[in-house]
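Okay, so here's the structure we're looking at.
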Amino acid sequence: MQRRCFGRLIMAGIVLAASALTIVPAMAQANKTITGGFDVGPGGFPGNFHPLQATAGFTWLSTYYEPLVIYNQDLSEIVGALSSDVSVSEDSLRYTFKLVDAKWHDGEDFTSADVKFSLEFAKNPASGSLFAARLADIASVETPDEKTAIVTLAKPNPAFLAILTQIMMLPEHLLGAKDPAELANSDWWSTEPVGTGPFKFVRYVSDQYVELAAFDDYRNGRPKVDRLINRYFANAAAAVAALKAGEIQFTYVEPDDAKTFEGNNDFRVIEGDSYVINYIGFNHKVDLWKDLRVRQAVMHAIDRKQIIESLYGGAAKLASCGYVAPQIVPEGLNDYAYDPEKAKALLAEAGWDQIGGGQTIPWLTYYNSPQVGNVMAAIQAMLAQVGINVSPRAVDVPTYNGIVQSSDFDQFPLVYAGAQNGPNPASLNVNLNPAQIPPAGNNIMRIDMPELTEAIEKAMAETDTAKANALWQKVCSVMNEQLPWGSMWVASRYGVTSAKLKDFFWTPAPAGGPYQAYPEKWDIAP
Amino acid sequence: MAAVENTLASSERPRGPARRAVHRFLINRAAVAGVAILIPIVAAILSYHLWWPYAPNDIDLVAMNKGPSAAHWLGSDGVGRDVMARLLQGGRISLLVAVSSMMIATVVGFVIGAVSAFGGRFVDGMSMRLVDLAMTLPPVIFLLVLASIAGTGIVPTIIVISLLSWPVLARMVRARLLELRERDFVVAARGMGAGMPHLLLRHGLPNCIDILVVFATLQVADGILLEAGLSFLGMGIPPPEASWGNMLNSARSTLVLESYPWQWMVPGAAMFLTVLAINFVGDGLRDAFNPRADLK
Amino acid sequence: MWQYIIRRVAVGLLMLLALTVLIFLLLRLTPGDPIDAYINPQVPMSASDLEALRVRLGLDQPLPVQYLAWLRAALEGDFGYSIQRGGTPVLPLVLDRIGPTILLMFSGLAIAIVVGIGTGILSAVRRNTTTDVSLSVLSFIGVSSPAFLTALLGLYGFSVMLDWAPSGGMLTPGEPFSIGDLLSHLILPACLLSIAHSAMIMRYMRASLLEVLSQDYVRTARAKGVREFWVIVKHAVRNALLPVITLIGSTIGIAIGGAIFIESVFNWPGMGLLMVNAVTRRDYPVIMCATLLTGACVILVNLLTDIIYAAVDPRIKVS
């Protein structure tokens, strides 16, 4: 075994040196390149190249792949990308997509056969696609002609278009003949993928960077820059160091680091809504929180406004329910103002001393940043003031998931977590609906409140926007009243770009979007 | 680093080995300096609750990130806690972790090394393979996996650090005692039916004291550094409990690194000074136990 | 001699096996599996989406079955596919990363050896002078500094503030490969990596040389009129080097560990970073393969050191 290892080592060394020396030299020195940390931060998914296995990282994926429909720049509506027009039938079961003229990176035309293939591939669990369950409603995909595709659902799904924004179109002429299970493990995705986006794939250097080159025949015109490079960083701090050193022109930054760029004219700070509601989760299977007064006391004991001001620098919106979007938040909500005396009174009424007075309650989270560490320390001190003793425990994501998906409720009586609450408000359904209790969904706090469930399901079923907003408002007020969670705030997220970038657009969308960033328009001053 | 003054050679009655060792230690300026640094540090750490007004976990969201001032001698951290109080409390935790893990590692290392030396070929082979296995284990994986299983906190950290440190001592003890195994008094003792505990305590221990003492001292220093490293990787002692390691961890954020240097420079300096002093002392002890150290 | 080697190799193989079993068990004991690593807690996705994936990866089989399947495949050279990286084959991935780590480690080691031995000799020869004292203080400082802090400060100071070196990575992205580019990326992390190691080597070299310089044969050489320079270089240093060599060999394992901080801070694409990422994502195939290879290399290095030592010093009996 050692000899093989040794021999392989030598081989590896030789191969490494040889391949390094024979790397195809890049194009002429005077080409324009934008380098950025596109997969830094929560919206990124470094090292993943299979668009159907992506849970994030769509900002980068959408520079060389394109979906049928996509969100616009402020994530307020869904517009067309590879489809120029979408019409929905009366019964909400048939979606007709008119397709644009586009070419694949290898020169072939984009046709409806590609749409049919891509959707069936995404629906097929054997391909390793993570969208298989969400697309199970698709009954059939028809292609009456090359530029039209008709998708028929088995039952109406108002979220169908939202799901489609993350399904990238794949070339049928290259992948159609292959076995889907093989493609799940194939290195095609990271060596020679073909898409329709403004940039085409050049190379991936393992764990270091991905390089794309401009696609001359892009349907909206050749991109202004010649190369796009996505550099991977072990953490956000390293990306910030590279940005300051001028090696990259853009990256996501932690809120604390964004402060260090203020007032610096060489950089531009981008602030955006994270669409993630941070909440204190009460485990509904544990006796501690069964009494509503206890949950109310927790809310009153925490000075949320002070925390937002001191620890978030004001860059977070106070949340009185699961949403902060103005059209979904009704008037007259209880704002649970900071009142430790009231909290103590409520706890006394509920008999907190018997329920949980003496215990130290583990408080689980998967956030490992110093900022959240400070936030949790502040909250811990505030809760200790009124007699609730919590002990924060930060773990990594797989450990967190392993614990909360299990039935070992004593390990997670209380959590601090975030949940995506937009752009589609129905996103919270997986967290609040008893039908979504693991393993079926993500309702890790085992919430089962009939009034809340009913309100959510009614709102999800409504297809008219104005009426739906009114129904979501009802959901919000139920959440505010009954406190399935302790909703805290929605924080802003930041990106920083070099001042040399022109027409560059980025917004911190959940999972990276995708949204219309127009990569073909990005330009860089020399 | 022995600054030897040969003034005591001629007219004194010859001293016993223990007194000579102490003398060698006291002559070593660095070692004495180390002790002189450590005593006030340890004293301050153990007694701070008697004379320092702030508690390490009292947050104060109004006085966050303030620099050193009359109110907070060493400034305040990201949630307004007093840095001096956290420094001293952190010293307690870091020292506790380092000393506990040192004791465990010393005992385990000595026992395994000595049993291996005195126990016969098979036992020797097995224990040395165990030691090799422990040393081959990539520390990265071991740390990460152990931390994921055991969780963070004082006890898991102590266990992790002990597990990383005992193999080195086992090897050294075994090497020293292997020489002894063939000596007459050991053979005689075994011939008379001495059991393993007797061999370990009466013969093994006195002959390894110097190795053990030096190892223990240097291990405390290593333990402090390891704890800091673990906290840097996100394991070790989790906040809000203070430890020098997790206070240093705040330096990961560029904001703190640039704008609030007192938050990480102070624990860094304290850790560095303590480890330096312990290293001086350990080195002095090693020279003190070595009777040939003051030969030119 | 040959018997000794063969026996050691056989034992080494057994230890590798034990190592893989140990790591396998530890990994399975860790809460959370690779599928849990996939689920982003903030994204509205459900666990049943991934259930099929779990079955396909064989994660629902009993543990001994899983281990034996892995072992059987590994013996044929098939180390499976990385879960985290959507199906990249593991062995080429890991082998790709060994090169940079070895490069970094050996550069650090080379610098440490040169600096450590050089200053050790200087310090011993000029014992108790200012040179000796200041070098010794420096060595204490080197040993007392926490590795990650030095790395962070070094990165920040030399790269961001002074702009003397690039801020991370191994090569400049997009540029064609050049040795100069590689060296400019290598110099800072290698130097920082060598600090603690060179301090340790220096102290051991100094102590060993001092011990040798007090030996009778050195006194004889001096008495014979040999020039001081040759006394030191030809007689003393050669004998003093032996224990230092063993030390260097036995601390290579520690160097691998220290490299992980450096690799993490500098984003150097080596094994340390690979392991950290793989453990964070519970990428079992990668962890198993990387552990096996690292373990094999450490065992190999230990064996080589022992053999060299035994061959060089005729007084050592190979028991």
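The values are calculated or read from the model by the stated rules, or taken from the named source; none is laboratory data. For clarity, every value in this text was computed on a predicted model and none was experimentally measured. Counting neighbours? That spans all protein chains shown, and the Cβs are built from the backbone with ideal geometry, glycine included. Only protein heavy atoms, including side chains, enter the accessible area calculation; ligands, DNA and RNA are left aside. Shrake-Rupley method; radii C 1.70, N 1.55, O 1.52, S 1.80 Å.
Rounded to the nearest 0.05, what FRET efficiency is calculated for B:A71 and B:V123 with R0 set to 51 Å and r the Cβ-Cβ distance?
Working from the Cβ atoms, E equals 0.25.
Where the only charges are on Cβ atoms (+1 Lys, Arg; -1 Asp, Glu), what is the dipole of the protein assembly as shown about its Cα centre, to the nearest 20 debye?
Dipole magnitude for the protein assembly as shown comes out near 5720 debye.
Round to the nearest 10 and give me the degree value, 0 to 90, for the angle of helix A:450-461's Cα axis relative to the longest principal axis of chain A.
Approximately 30 degrees, to the nearest 10.
Using heavy-atom solvent-accessible surface (probe 1.4 Å) with all chains present, what is the largest-first order of B:M126, C:M288, B:M192, B:M64?
So, going from the largest accessible area down, we get B:M192, B:M126, B:M64, C:M288.
How much net charge surrounds A:A239 when only the other residues with a Cβ under 15 Å from the Cβ of A:A239 are counted, with Lys and Arg +1 and Asp and Glu -1?
Taking every Cβ under 15 Å from that of A:A239, the sum is -2.
Tell me, what is the FRET efficiency for A:Q482 and B:V107 to the nearest 0.05, using R0 = 60 angstrom and their Cβ-Cβ distance as r?
0.60
Have a look at region C:79-122 and report residues whose accessible surface goes down by 50 Å² or more when the remaining protein chains are included, against the chain on its own, probe 1.4 Å, ligands and DNA/RNA excluded.
Those are C:R85, C:G86, C:L95, which lose 50 Å² or more relative to the chain on its own.
Compute for chains A and C the buried accessible surface, both sides summed, probe 1.4 Å, and express it in Å² to the nearest 100.
5700
For region A:285-330, with every protein chain kept in place, what is the accessible area per residue (1.4 Å probe, Å²)?
39
Once you have a ≥ b ≥ c as the square roots of the Cα gyration tensor eigenvalues for region A:372-418, tell me rounded if a/c is under 1.5, and otherwise prolate or oblate according to whether a/b is larger than b/c.
Taking the square roots of the gyration eigenvalues as a ≥ b ≥ c, region A:372-418 is oblate.
Of the chymotrypsin sites (Phe, Trp or Tyr not before Pro) in region C:56-164, which ones lie in a loop per DSSP and count no more than 11 other C-beta atoms within 10 Å?
C:W164
Taking a 1.4 Å probe, which of C:S136, A:S320 shows the most accessible area, and what order do the others take after it?
Reading off the accessible areas and sorting them downward yields A:S320, C:S136.
How much solvent-accessible surface does C:T130 expose, in Å² to the nearest 10, with a 1.4 Å probe and all protein chains in place?
Here the residue's solvent-accessible area equals roughly 110 Å².
Roughly how many percent of the accessible protein surface of the protein assembly as shown is carbon and sulfur, given a 1.4 Å probe and a whole-percent answer?
About 61 percent, which is the carbon plus sulfur part of the accessible surface.
Hey, rough spin-label estimate for A:D217 and A:A315, points 7 angstrom out along Cα→Cβ, what's it come to in nanometres?
Once both label points are built, they end up 4.3 nm from each other.
How large is the helix-only mean residue ellipticity at 222 nm for chain B, computed as the sum of -39500 (n - 2.57) over DSSP H runs with n ≥ 4, divided by its residue count, in deg cm²/dmol to the nearest 500?
About -23000 deg cm²/dmol.
Helices from chain C with mean Kyte-Doolittle at least 0.0 and a Cα length along the axis of 30 Å or more, per DSSP H: which?
Those that clear 30 Å and a mean of 0.0 are C:2-29, C:90-125, C:179-213, C:284-312.
Return the calculated 222 nm mean residue ellipticity for chain C, to the nearest 500 deg cm²/dmol, obtained by summing -39500 (n - 2.57) across DSSP H runs with n ≥ 4 and dividing by the residue count.
-23500 deg cm²/dmol
If I take every Cα pair under 8 Å that is 6 or more residues apart in chain A, average their sequence separation and divide by the length, what percent do I get for the relative contact order?
21
Any idea how far apart C:V21 and A:L333 come out in nm if each label point goes 7 Å out from Cα toward Cβ?
Here the modelled spin labels are 5.8 nm apart.
Could you report the accessible area of A:S310 in Å², rounded to 10, computed with a 1.4 Å probe on the protein chains as they sit in the structure?
Counting only protein heavy atoms, the figure is 20 Å².
Using the structure shown, select from A:K32/A:K317; A:K458/A:K521; A:K305/A:K474 the pairs with a Cα to Cα distance greater than 32 angstrom.
The answer is A:K32/A:K317; A:K458/A:K521.
Between B:F122, B:F232, B:F272, find the one with the highest GNM mean-square fluctuation for chain B; connect C-alpha pairs within less than 10 Å.
It is B:F122.
Distance from a point 7 Å along Cα→Cβ of A:S84 to each backbone N in region A:215-238: keep the residues under 19 Å and list them by number.
A:217-222
Once both labels are modelled 7 Å past Cα along the beta-carbon direction, what's the A:S92-A:Q385 spacing in nm?
Distance between label points: 4.6 nm.
Determine which lysines satisfy two conditions relative to A:K147: a Cα distance under 17 Å, and not lying fewer than 8 residues away in the same chain.
Counting by Cα, and skipping residues close in sequence, A:K147 has these lysines nearby: A:K98, A:K103, A:K116.
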